[in-house]
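First comes the structure, then the notes that go with it.
Laboratory data are not the source of any read-out in this text; all were calculated from the coordinates shown. For clarity, every value in this text was computed on a predicted model and none was experimentally measured. FYI the Cβ positions are ideal-geometry reconstructions off the backbone, even for glycines, and counts take in every protein chain you see.
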Amino acid sequence: MTDSAWRDTTLPIAQRVADLMARMSLREKVAQMYGAWLNVGETPGEVAPHQNDQAPDPIDWPELIRHGLGQMTRLYGSAPVEPLAGARHVADLQRQIIDAGRFGIPAIVHEECLTGLAAWKAPIFPTPLAWGASFDPALVEAMAAHIGATMRRLGIHQGLAPVVDVARDLRWGRVEETIGEDPHLVGTIGAAYVRGLQSAGIVATLKHFVGYSASRAGRNLAPVSIGPRELADVLLPPFEMALRAGAGSVLNNYTDIDGVPVAADPSLLTALLRDRLGFDGTVVSDYFAIAFLESLHGVAADRAEAAAAALRAGIDVELPGVNCYGGPLLKALEAGDVDEALIDRAVERILRQKCELGLLDPGFRPEPDYLADPADLDDPEARTIARRLAERSIVLLRNDSGVLPLRPGTRLAVVGPGAHRPDALFGCYSFPRHVGVHHPGLELGVETPAIVDALGTAFPVSYSLGCPFLGGSDEDIAAAAQAAAAADVCVAVLGDLAGLFGTGTSGEGCDAPDLRLPGRQEELLEALLATGTPVVLVVLAGRPYELSRQVDRLAAVACTFFPGEEGAAALAGVLSGAVNPSGRLPVGFPGAGASQPSTYLAARLGRRSDVSTVDPSPLFPFGHGLAYADAQWGPAALNPADGWATDGEIELTVPLRNPHDREVSTVVQVYAHDPVASVARPVRQLLAAPRVDLAPGESRTLIVTLHADLLSYTGRDGRRIVEPGDVELFVARSSTDVHTEFRVPMVGPPREAGTARRLHPGIILLP
């Protein structure tokens, strides 16, 4: 083939793409709009419901790639694949695709990467809910950069992460995949993940645009019934923050919102995402989401109608394979149901992204770098990041008895279903819990001690199961109580086993009918408390649980949200005192009853009230977390204190000092409340939450600059506004533990903030 302008790397990308598209046939363009799901070696069992129902006929590979191919789906993450074998397979398939098409355009390879690359023998990091508990965007960015570098070495180009849905109902199984219940926290941490992943040359894909986490009754893929203000002010801001961080792709929400499936909604995928927010990357379908328009939503008569609806809405790429964007889309084109200009619109975005990734360059090599340097994926740097993030995400919820930190020589009875299983430390999108469960006897692929083993390196330990995550026997509960009675302290590790669609108690498709501990675990906890031995409860889970009946009798409570491969060592460090706990809750723990899931973002009528017998107050609130040693906070100051312009800034100053002989880490949380507004506003809403590390004896001054944009909200006419009037600001250790309160008048005319508003506070730390 002669040299063409689209191969010239000195030309602007737009010019290269236009040249290539002018040479392509319609069939070659359409081939760029779908993927192929190919497995190496053994075909796994059905990972998800509807997977096999929606699968097309068996792939005729030579015919499929004859006109090119847009994507390849999960070559490493569909079955246990040795990394070296996977890299060879990637290279072989890319060569075949290059050789088959007229233009030799490689395919984008995508994988899941929510808790690290979801591939056998790749490192397994803490879940996103643990990222939120760390309140440490810099550390999350470093983790994502390492994940991205690993993916790039293996010839992968796109990662389906992060999830920037805001948790709305703790019963929803995918709470563990969210970063928390506050949009500022979710957006700050999510944007950090995007920066890290894309710094390695991997396309970050935001999930699930938009509203997925607000499904009715916390049921996965259930309808969503929310107002436009909840969408705009709670669910959308994290996507805005992550898009500004440079995310190159967005994946649609499966559900319908007020009866309209998002996959067929141009008002969301085009008018909002592209026209209003200015996104110019690719929109990829969640797996089978386009076919679901026919089979689950009933808004298309066949796959041709589904393809037409999704394309008009703004979905550029069908994943995981070709169900609707192949023959059915061509059928819709022939029938005149789809404008060919929409094909060009999608393909231009796809080819631009391939150009940015270097896939259209003449020097592209199909061989992943890993083939030249097949070093261990789970390297020392990964272990260091995983340990640090696990340590900083563990939340000490209660410690009134002085049992923690455990004294040297303390005889421990370690009890519970989470204590002896290394895979209990992993989230549902880790390879062992996502794919490995379909391969009995498969090794985890990474070295991961169980919690009982990690504690056993520092203390004399006996272990008793008590009960599994679900079910169990009276005899096992009695045996655990006997073990506890013979010990100085009982450590009970209770909570969840992550999985998908019934293979766990937390995770995608593993929704909860209520927030009581699963199975017989609460019964086990009561039996342990009845022994009189001090009980330290470790909640190892994907969501908070209701502990109000036991909390006053527990010696201490710690919480960790699936902390990954270094989680056991991190937890042992916290319980022993070697690590000073510093995590904060990204979601509140529910209070008594647990039948009314709520978040801290409630307006006044959503709080405790004399007009209802149900108290939604949390047992442990958003932002809560204790430490063995914490910073001293000096008097906070506000400048200016006499007025905050509706288009201006204000500064909060907080002196911090570490009086201890060990490092401390504190999270200074700044909340706001608009007591008189055009619409009902939350009683507390987070504006900033910087984490500050202080060496022994060190003093620093924290300056937080807040722009008035951070107080903007959607008014009655649907426009985002900043209004004059008094504003309450709170410098706090949690959403309920206020250190200093200010009341400042916001002065000036009402102002529309719009989509260009400031989304982040300014953070300065002075010596």
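Key figures for this structure:
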quantity: Farthest positive-ward along the chain dipole, Cα basis, beta-carbon charges - from 197, 283, 311; calculated: 197
quantity: Antiparallel content of DSSP bridges confined to the chain, in %, to 5; calculated: 55 percent
quantity: Nearest-0.05 FRET efficiency for residue 275 and residue 15, computed from C-beta distance (R0 22 Å); calculated: 0.35
quantity: Gained length - residue 676 relative to residue 607, 0.36 nm times residue gap less alpha-carbon distance; calculated: 23.2 nm
quantity: Mean ellipticity per residue at 222 nm, deg cm²/dmol - from DSSP H runs of n ≥ 4 across the chain, formula -39500 (n - 2.57); calculated: -7500 deg cm²/dmol
quantity: Spatially proximal lysines relative to residue 121 (Cα-Cα < 30 Å; intrachain offsets below 8 disregarded); calculated: 207, 354
quantity: Distance histogram in 10 Å bins (all Cα pairs of the chain, percent per bin); calculated: 3, 14, 24, 25, 19, 11, 4, 0, 0
quantity: Net charge dipole size for the chain [Lys, Arg +1 and Asp, Glu -1 on Cβ; Debye, nearest 20]; calculated: 1000 debye
quantity: Antiparallel bridge percentage (DSSP; both residues within the range 393-606; nearest 5); calculated: 15 percent
quantity: Linear extension gain, residue 717 paired with residue 662, 0.36 nm per residue minus alpha-carbon span; calculated: 14.5 nm
quantity: Counting DSSP beta bridges with both ends in the range 632-766, the antiparallel % (nearest 5); calculated: 95 percent
quantity: Amide N of the range 744-767 lying under 17 Å from the label point, which is placed 7 angstrom from the Cα of residue 695 along Cα→Cβ; calculated: 765-767
quantity: Within straight-line cross-link reach of residue 331, lysines at Cα separation under 25 Å, skipping those fewer than 8 residues along the same chain; calculated: 29
quantity: Calculated FRET value between residue 548 and residue 59, using beta carbons and R₀ = 56 Å, to 0.05; calculated: 0.55
quantity: Packing-based order for 295-302, 159-166, 75-82, using average beta carbon neighbours within 10 Å, highest first; calculated: 159-166, 75-82, 295-302
quantity: Shape call, the range 529-658: gyration tensor on alpha carbons, a/c limit 1.5; calculated: oblate
quantity: Where labels lie 7 Å past Cα in the beta-carbon direction, separation of residue 637 and residue 615 in nm; calculated: 4.0 nm
quantity: Rough spin-label spacing in nm, given labels placed 7 Å along Cα→Cβ, for residue 295 and residue 442; calculated: 2.2 nm
quantity: Ranked by how many other beta carbons lie within 10 Å on average, peptides 105-118, 521-534, 731-744 from highest; calculated: 105-118, 521-534, 731-744
quantity: Within the range 479-502: backbone nitrogen closer than 16 Å to the residue 526 label point (7 Å, Cα to C-beta); calculated: 481
quantity: Packing-based order for 261-271, 672-682, using average beta carbon neighbours within 10 Å, highest first; calculated: 261-271, 672-682
quantity: Calculated FRET value between residue 381 and residue 302, using beta carbons and R₀ = 41 Å, to 0.05; calculated: 0.20
quantity: Backbone N under 19 Å from the residue 99 label point (7 Å along Cα→Cβ), restricted to the range 331-375; calculated: 363-368
